[in-house]
1. Going residue by residue through region 53-63, is there one that turns out to be more than 17 Å from the chain's Cα centre (by Cα), part of a helix (DSSP H, G or I) and either exposed (fewer than 13 other Cβ atoms within 10 Å of the Cβ) or not polar (S, T, N, Q) (or both)?
2. Among the candidates ARG200, ARG169, ARG123, single out the residue that is surrounded by fewer than 15 Cβ atoms within 10 Å (Cβ to Cβ) and basic (Lys, Arg).
3. Which numbered condition in (1) part of a helix (DSSP H, G or I); (2) at pLDDT below 95 is the only one that LEU152 fails?
4. Could you please let me know if THR31 is polar (S, T, N, Q) and surrounded by 13 or more Cβ atoms within 10 Å (Cβ to Cβ)?
5. How about region 80-120: which of its residues are part of a loop (DSSP other than H, G, I, E, B) and either modelled with pLDDT of 95 or more or surrounded by fewer than 19 Cβ atoms within 10 Å (Cβ to Cβ) (or both)?
6. Kindly indicate whether any position in region 7-29 is touching a strand residue (DSSP E or B) at 6+ places or on another chain (Cβ under 8 Å), assigned to a helix (DSSP H, G or I) and either among the aliphatic types (A, V, I, L, M) or under 18 Å from VAL151 (Cα atoms) (or both).
7. Within region 131-155, take every residue that is surrounded by 24 or more Cβ atoms within 10 Å (Cβ to Cβ) and hydroxyl-bearing (Ser, Thr, Tyr) and give me the one that is nearest to GLU78 (Cα to Cα).
8. Of the residues GLY143, GLY111, GLY181, only one is on the phi > 0 side of the Ramachandran plot and touching a Ser or Thr at 6+ places or on another chain (Cβ under 8 Å); which?
Amino acid sequence: MTGWAWTALALYGIWLLTAFGARAVIQRRRTGDTGFRGLSGTPGSAPWWAGVLFLVALLGAVAAPAATLAGLPVLAEETPAVYTAGTATTALGIAVTLWAQGSMGSSWRVGVDQEERTALVTRGAFAHVRNPIFTAMTVTGLGLTLTVPNVLALASLIALVAAIELQVRVVEEPYLRQMHGAAHLEYAASVGRFVPGVGRLRPGVPRSRTM
């Protein structure tokens, strides 16, 4: 199992370096800004909890394979097919993350500045789902969990999903609706939230898009 734990750590490191490190460098060269906006909301608020849960998920993704290397048992013993599927799923998630980030161009951000106005991106990956980066992050998290399926990995995945739901529904969709009005509502009515065709908003119904 230690080999799979090292594989998970390596893939996670690649994901962090490419999706955050390299992307921030590219963003800075293009715009003079890294794109990082950080936590939003007052302590205890839903946006604040979204940021905290993201941090928990990021740390948990490192802690899970590290704990297995230290002796923590996995929930599915001697199931190499599961671990292999997890590795392939993680690689897919990394690839889709980079594609979705590329689709955002100079509008890519981590977090939301309520006073900032960016373009409403509807091309590339965003033509299929409104939050493709978050979808890709979930796929990556699922893959890492399957690669090293212990309790810490499962808790990290749950924290990630909760963080994404809060960030999208409480922070980003209201922000995009406020910034882009009818254009965002029309887009949200034709494109699914995380999965193609699922979570589309009915025209004229303002409810709760993307990293």
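1. Checking region 53-63: at least one residue is more than 17 Å from the chain's Cα centre (by Cα), part of a helix (DSSP H, G or I) and either exposed (fewer than 13 other Cβ atoms within 10 Å of the Cβ) or not polar (S, T, N, Q) (or both).
2. Numbers: ARG200 fails: surrounded by fewer than 15 Cβ atoms within 10 Å (Cβ to Cβ); ARG169 fails: surrounded by fewer than 15 Cβ atoms within 10 Å (Cβ to Cβ).
Just a single option satisfies the conditions, and that option is ARG123.
3. Condition not satisfied by LEU152: (2).
4. Working: polar (S, T, N, Q): yes; surrounded by 13 or more Cβ atoms within 10 Å (Cβ to Cβ): yes.
It is true that THR31 is polar (S, T, N, Q) and surrounded by 13 or more Cβ atoms within 10 Å (Cβ to Cβ).
5. Those that are part of a loop (DSSP other than H, G, I, E, B) and either modelled with pLDDT of 95 or more or surrounded by fewer than 19 Cβ atoms within 10 Å (Cβ to Cβ) (or both): GLY111, ASP113, GLN114, GLU115, GLU116, ARG117, THR118, ALA119, LEU120.
6. Yes, there is a match, as at least one residue in region 7-29 is touching a strand residue (DSSP E or B) at 6+ places or on another chain (Cβ under 8 Å), assigned to a helix (DSSP H, G or I) and either among the aliphatic types (A, V, I, L, M) or under 18 Å from VAL151 (Cα atoms) (or both).
7. THR147
8. On the way: GLY143 fails: on the phi > 0 side of the Ramachandran plot; GLY181 fails: touching a Ser or Thr at 6+ places or on another chain (Cβ under 8 Å).
Exactly one of GLY143, GLY111, GLY181 is on the phi > 0 side of the Ramachandran plot and touching a Ser or Thr at 6+ places or on another chain (Cβ under 8 Å), namely GLY111.
The values are calculated or read from the model by the stated rules, or taken from the named source; none is laboratory data. Here the structure is a predicted model, which is why all the values come from computation and not from measurement. We place every Cβ from the backbone using ideal geometry, glycine too, and count neighbours over all the protein chains shown.
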